[in-house]
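Enquirer: Got a structure for you, written out below as structure tokens; questions coming shortly.
Read the figures in this text as sums done on the coordinates, not as results from a lab. Bear in mind the structure is a predicted one, so any value in this text is a computation, not a measurement. Reconstructed Cβ throughout: ideal geometry from the backbone, glycine too, with neighbour counts over all protein chains shown.
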Amino acid sequence: MPTPEEILLGLEAIANDWLWLAALWHLYFAAIVLVLAFGVRPSRRTTGLLLTLPLLSVSLLAWLYANPFNGGIFAVAALALVVVSMKLPRAPVRLGPPWLAVLGGLMAGFGWVYPHFLTDSQPWLYLFAAPTGLLPCPTTSIVLGLSLVLGGLG
């Protein structure tokens, strides 16, 4: 098992080595938000499966950077979300109650601009290259935030 210092160095390396992937994940989440903003409502099942992909990304990168704990936890989380998603109805997602949507939006916003681990810490960089889809905390924040906006997919 890596030491705490090795874990932090690994997280920093992932965030900086994979900036282009972070930018793609930002585009991915922007597309989801735009689709929802324009009134398109994919099925609950499809939405759950779409939210699985960033968890798989975190798992894969954690394994590549010798962090078996994060790799394993996010692999299990992704698998669990796939299993749950496959049991969801094909009914379209609905926005949650306003208070829940606001909390979820704040959570997703935090995940979007997560302010850690980039060595070039210019604030504008976090708008499109925060390590969302790369590291556990921002990815969990944006995935759970979007789930709350959508009323928990229920």
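Enquirer: Could you pull out the GluC sites (Glu not before Pro) across the stretch 1-109 that fall in loop regions by DSSP (anything but H, G, I, E, B) with no more than 15 other Cβ atoms inside 10 Å?
Expert: Listed in order of number, the matching sites amount to none.
Enquirer: Next up: Given q = 0.09, 0.11, 0.12, 0.15 Å⁻¹, what are the Debye log10 I(q)/I(0) values for the chain, with equal point scatterers placed on the Cα positions and solvent ignored?
Expert: -0.28, -0.42, -0.50, -0.76
Enquirer: Oh, and also: Relative contact order of the stretch 4-153, please, whole-number percent, based on alpha carbon pairs below 8 angstrom and at least 6 residues apart.
Expert: It rounds to 34 percent for the stretch 4-153.
Enquirer: Tabulate in residue order the Karplus-calculated ³J(HN,Hα) for the stretch 95-105, using 6.51 cos²θ - 1.76 cosθ + 1.60 with θ = phi - 60°, rounded to whole Hz; enter x for Gly and Pro.
Expert: 5, x, x, x, 4, 6, 5, 5, 4, x, x
Enquirer: At most 12 other C-beta atoms within 10 Å and a DSSP loop state: those are the exposed trypsin sites (Lys or Arg not before Pro) I care about. Give me the longest piece of the chain that has none.
Expert: After excluding every exposed loop site, the longest remaining stretch is 1-89.
Enquirer: Tell me, what HN-Hα J-couplings in whole Hz come from the Karplus equation 6.51 cos²θ - 1.76 cosθ + 1.60 at θ = phi - 60° for each residue of the stretch 130-139, using x for Gly and Pro?
Expert: Couplings: 4, x, 5, x, 10, 10, x, 4, x, 5 Hz.
Enquirer: Okay, moving on. Of W18, Y126, G96, which is farthest towards the positive pole of the chain's charge dipole, taken about the Cα centre with +1 and -1 on the beta-carbons of Lys, Arg and Asp, Glu respectively?
Expert: Result: G96.
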